[in-house]
1. For the range 66-87, give me each residue that is exposed (fewer than 10 other Cβ atoms within 10 Å of the Cβ), modelled with pLDDT under 75 and in a helix (DSSP H, G or I).
2. Please go through the range 32-65 and give me each residue that is at pLDDT below 80 and hydroxyl-bearing (Ser, Thr, Tyr), ordered by number.
3. If you go through the range 7-30, how many residues are modelled with pLDDT under 80 and either assigned to a loop (DSSP other than H, G, I, E, B) or loosely packed, with under 11 Cβ neighbours inside 10 Å (or both)?
4. Kindly provide the set of residues from the range 34-54 that are in a loop (DSSP other than H, G, I, E, B) and closer than 29 Å to ALA76 by Cα, ordered by number.
5. Can you tell me which residue in the range 31-57 is nearest to PHE13 (Cα to Cα), limited to those that are among the β-branched types (Val, Ile, Thr) and in contact (Cβ under 8 Å) with a residue 12 or more places away in the chain?
Amino acid sequence: MYAEFANQRMLNFFFNFYDMPFTDDFVKKENAGIEFLYPIDIFFCNDCKTAQTQHDVEITEYYEDYQYSVGLSSLAAEFMNRIAKKYAILISCF
């Protein structure tokens, strides 16, 4: 296996999240136990010192009925506005 950042074979398996739910989904009490789960293996690269996965998750089924849009969140909009203003100031300094 190769590390994404270092492109080296220096990966060591160190943890598995068995049946890990995606963290951006609110599960109602009546739907508990039927949420989207996927096992996630975590590896550590001794070369670039990053923790990473080595697989892609098939998410087509997960996003089939996905109803969240960041554009509907006033909190997210305010956060993005603050970041834009911060970086606009930094860019203007160059």
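1. Answer for the range 66-87, where residues must be exposed (fewer than 10 other Cβ atoms within 10 Å of the Cβ), modelled with pLDDT under 75 and in a helix (DSSP H, G or I): just GLY71.
2. Scanning the range 32-65 gives THR60, TYR62, TYR63.
3. Qualifying residue count for the region: 10.
4. Passing the criteria: ILE34, GLU35, PHE36, THR50, THR53.
5. Narrowing the range 31-57 to residues among the β-branched types (Val, Ile, Thr): 34, 40, 42, 50, 53, 57.
With in contact (Cβ under 8 Å) with a residue 12 or more places away in the chain added as a condition, the list becomes 40, 42, 50, 53, 57.
On the way: ILE40: 11, ILE42: 6, THR50: 12, THR53: 9, VAL57: 18 Å.
The selected residue is ILE42.
The values are calculated or read from the model by the stated rules, or taken from the named source; none is laboratory data. Nothing here was measured: the structure is a model prediction, and the numbers come from that model. With ideal geometry, Cβ positions are generated from the backbone for all residues, glycine too; neighbour counts draw on all protein chains shown.
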